[in-house]
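Below is one structure, written out as structure tokens, with a few remarks after it.
Derivation of every value follows stated rules applied to the coordinates shown; laboratory data play no part. Model, not experiment: these values are computed from the prediction. Note that we place each Cβ from the backbone using ideal geometry, even for glycine, and neighbour counts take in every protein chain shown.
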Amino acid sequence: MVCLLWYRLLSTDVILPARSHRCMKNQYFGDVNDYQKYGLLRLLAEGGRRRILVCWMLTSDDSGSDGRRLSYLENPGTWRSFDPQLFDSLRRAVGTGDRRLEVVREKNLIPGGMYFEKPLRGNSRGEYFKELHQQCRSAELIFFDPDNGMQVPSVPTRSPKADKYLFWEEAKDLFTSGRSLLVYQHFPRVNRRRYIREMSRRFSINVGAPRIVTFRTSSVVYFLCINSAQVEAYRRIADKVSRRWGNKFIISRYPS
């Protein structure tokens, strides 16, 4: 019964500029989730020594209220010390109304970052990931930023909602090509600790990752699937994230 319940619940290089598609979503840019996301990616990049390819998985803006969590920018005494340079850059961009994803590339917010900026449309997933494979050859780590996270059983590949998810086979294909993966995951309404454990197990089984590190914030979690040759390096970086950000990131490892 428990297994059935979980199945239902879970069921600066420019690569491809997309300036004509102002749509991840631009409405999110600069909110507190972005601050923590880019702070994590900056530490993983180690000043550009590790090449990260950011796959935005772009979708169109909507009329929702997501992306309005900006009050942290008015509280530098609490938030700025985690990453002063990043904080100042985001505060400046939001303050001038420049809430474009291109700011991340233009300001080199992720040192040495590469960006796959092609919009994701439901009828072209095969071509989308074919182009991504071609462009990620020099990357050590690929970051996926889908609106919701990993696929769920209720959303097949041809669903209008499929653009909001990364599918297991897509992640597996890139992982087995030798890259480590970092995946954004929105929390469903379930026990979060149990959810992270179960999702870590699924990443291990479905993607083939021997080691997984998770970075949990107050509202989302990031799953880092580490290839065998990079385990020690990313363990060291995870310790650095813990020291820098304290309890803003709750870090766990699988297998524990």
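Go ahead and run the numbers for FRET between Thr157 and Ser81, Cβ-Cβ distance against an R0 of 45 Å, rounding to 0.05. Mind showing how you got there, number by number?
On the way: r = 43 Å, r/R0 = 0.96.
Efficiency computed from Cβ-Cβ geometry: 0.55.
For the stretch 2-254, give me the percentage of DSSP beta bridges that are antiparallel, rounded to the nearest 5 percent. Each step should come with its number before you reach the end.
Values: 17 of 33 bridges.
Within the stretch 2-254, antiparallel bridges account for around 50 percent of the total.
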For Cα extents along the principal axes in Å, with candidates (i) 54, 38, 31; (ii) 50, 49, 37; (iii) 50, 40, 36, the value calculated from the shown model is option (iii)
Put +1 on the Cβ of every Lys and Arg and -1 on every Asp and Glu Cβ in the chain; which of Val94, Val241, Tyr254 then has its Cα farthest towards the positive end of the dipole? Tyr254
Would you mind checking the stretch 204-247 for residues with the amide N under 16 Å from a putative spin-label position 7 Å along Cα→C-beta of Asn108? none
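Quick one: net charge of Tyr222's neighbours, Cβ under 9 Å, K/R +1, D/E -1? All intermediate terms of the calculation are to be shown ahead of the outcome.
Values: positive: Lys37, Arg216; negative: none.
Result for the local shell: +2.
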7 Å from Cα along Cα→Cβ at both Ser71 and Asp173: what's the point-to-point distance in nm? 4.3
Can you give me the distance in nm between label points at Ser256 and Glu131, each placed 7 Å from the Cα along the Cα-to-Cβ direction? 4.3
Cα-centre dipole for the chain with unit charges at Cβ (Lys and Arg positive, Asp and Glu negative), debye to 20: 700
